[in-house]
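*Asks:* Sharing a structure with you now.
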Amino acid sequence: MQRINAQPTFTDAFVAGLGSPRAKAFFDVCQREIPWDELAASVADVFADDTPADGGRPHWPVVLMLKITLLQRWFALSDLMAEEMLKDRISFRQFVGLSFDDATPDHSTICVFRKRLRDRGHGSTLFDKTVEILKSRGLVMSEGTLVDATIIEAPRGRTREDGTTTADPCATYTAKHGRAYHGYRAHVSSDTNGIITDFVYDTAAESEHTHFDGLAEKETKAVYADSGCRSKERVAALEARGVAAHLCHRRVRGQKQLTDEQRAFNRAVSKVRALVEHPFAWIKRMSGARVRYRGCVRNAVDFALAAVAYNFRRSFSITPVARVALGG
């Protein structure tokens, strides 16, 4: 059974014009550009196992909980901080649909909602629905696929007296540019607008080669990637199906340096490929460049939710009306 929020009161009307103008502009665009009911409908079964016979309080509306979930990604909020901000900031309460007479979802409620999403595989559901919505609006370009991967570090933990460790058992080690990393690796494909169209979340030990072919398999025009993904076999396979293989060159055995033509090719590819770095930069900035949780599944769901938040935020900069409203 769903909780019914209180109707707006005189207090809500009195403070309606208060709050940060920039936050209000952003939330107005979010309300207008994001089809919240459609998103909620895709995960409507998240409370399907709740029945009146179970007792307890009614659950919060799915739309409200989804708004809180994305607020956390847009403003880098933990569950505790999200609860505090909902109690403290007028604009946050107005955005999620809470009046001043309503209670506020506490941090454990926010955590349990995310667990329900994870248990039903709805991190991927929300991501797929977001891409579907953006494609239907013509915001996802079909001019090529950009593929890249990034390492997201996890705490290395400490060794206990009994010889065991507090480190995440799912995280693995890898080395890059002579430095050791411990954590996970997000493999991503994006369009030429920088919107994430697909991703695979795996351990750090899995190189960017591992999931490249899966991320590029639906592309019919061109694939862009750095030199780490280049191989003769891969280039030949892409060209065999009519796909331009814009994979940066790297030196081969016996080659002291790239040729002028190869360097020029790499510069041209890098200008396009750089767009796939944008989601990594945004997501890492919002998460502090480290994973939030223990376990690959928990962190994969967190990345999926971050990708949803990023994609909608990115789409605002592409949509002229939204860009103007945000002062872009």
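The values are calculated or read from the model by the stated rules, or taken from the named source; none is laboratory data. These figures come from a predicted structure and were not determined experimentally. Neighbour counts run over all protein chains shown; Cβ positions are idealised from the backbone, glycine included. Side chains are part of the model used for accessible areas, which takes the heavy atoms of the whole protein and leaves out ligands, DNA and RNA. Shrake-Rupley method; radii C 1.70, N 1.55, O 1.52, S 1.80 Å.
*Asks:* So what's the back-of-envelope 222 nm ellipticity for the chain, counting only DSSP H runs of four-plus at -39500 (n - 2.57) apiece and dividing by all residues, rounded to 500?
*Replies:* -14500 deg cm²/dmol, from helical runs alone.
*Asks:* Sticking with this one: Bins of 10 Å, beginning at zero and ending with the bin holding the largest distance: percent of Cα pairs per bin for region 81-127, please.
*Replies:* For region 81-127, the binned pair fractions read 25, 41, 30, 4 percent.
*Asks:* Given the whole protein assembly as supplied and a 1.4 Å probe, what does the accessible area of residue 282 come to in Å², nearest 10?
*Replies:* It works out to around 40 Å².
*Asks:* How much length, in nm to one decimal, is gained on full extension between residue 166 and residue 142, taken as 0.36 nm per residue of separation minus their Cα-Cα distance?
*Replies:* 4.1 nm
*Asks:* What list of whole percents do you get for P(r) of region 120-264, with Cα-Cα distances grouped in 5 Å bins up to the one holding the largest distance?
*Replies:* 2, 9, 14, 16, 17, 15, 11, 7, 5, 3, 1, 0
*Asks:* Can you pull the Rg over Rh of region 55-136, Cα-only, Kirkwood?
*Replies:* 0.99
*Asks:* Region 179-328: D in µm²/s via Stokes-Einstein (Kirkwood Rh, Cα pairs, 25 °C, 0.890 mPa s)?
*Replies:* 143 µm²/s
*Asks:* Related question: To the nearest 20 Debye, how big is the dipole of the chain about its Cα centre, given +1 on the beta carbon of each Lys and Arg and -1 on that of each Asp and Glu?
*Replies:* Details: 47 positive and 40 negative charges, 265 e Å.
Magnitude of the dipole: close to 1280 debye.
*Asks:* Given the peptides 196-206, 232-242, arrange them by the average over their residues of other C-beta atoms within 10 Å, most packed first.
*Replies:* Values: 196-206: 20.3, 232-242: 11.7.
With the highest mean Cβ count within 10 Å placed first, the list reads 196-206, 232-242.
*Asks:* Now for a separate question. Write down the radius of gyration of region 102-168 and its Dmax, each obtained from C-alpha positions, in Å.
*Replies:* 19.7, 58
*Asks:* Debye calculation, C-alpha points only, no solvent: report log10 I(q)/I(0) for region 188-248 at q = 0.20, 0.22, 0.26, 0.30 Å⁻¹, in the same order as the q values.
*Replies:* Once normalised to I(0) and log-transformed, intensities are -0.78, -0.94, -1.25, -1.47.
*Asks:* Toward the positive end of the charge dipole of the chain, about the Cα centre and with charges on Cβ (Lys, Arg +1; Asp, Glu -1), which of 151, 266, 172 goes farthest?
*Replies:* Most positive-ward Cα: 266.
*Asks:* May I ask for log10 I(q)/I(0) of the chain at q = 0.08, 0.14 Å⁻¹, from a Debye sum over the Cα atoms as equal point scatterers with solvent left out?
*Replies:* -0.45, -1.17
*Asks:* What order, most packed first, do the peptides 116-129, 173-186, 145-158 have when packing is the mean number of other Cβ atoms within 10 Å of each residue?
*Replies:* So the peptides 116-129, 173-186, 145-158, ranked by packing, come out 145-158, 116-129, 173-186.
*Asks:* Restricting everything to alpha-carbon atoms, can you work out Rg to Rh for region 63-196 with a Kirkwood hydrodynamic radius?
*Replies:* Rounded to two decimals, Rg over Rh is 1.06.
*Asks:* Helix 79-88 against the longest principal axis of the chain: what's the angle in degrees, Cα atoms only, rounded to the nearest 10?
*Replies:* On a 0 to 90 degree scale, this one is about 50.
*Asks:* Relative to the longest principal axis of the C-alpha atoms of the chain, give the angle of the C-alpha long axis of helix 277-287, reported between 0 and 90° and rounded to the nearest 10°.
*Replies:* Helix 277-287 sits at roughly 40 degrees to that axis.
*Asks:* Would you please give the FRET efficiency between residue 49 and residue 106, computed as 1/(1 + (r/R0)^6) with r the Cβ-Cβ distance and R0 = 30 Å, to the nearest 0.05?
*Replies:* Details: r = 21 Å, r/R0 = 0.70.
The formula returns an efficiency of 0.90 here.
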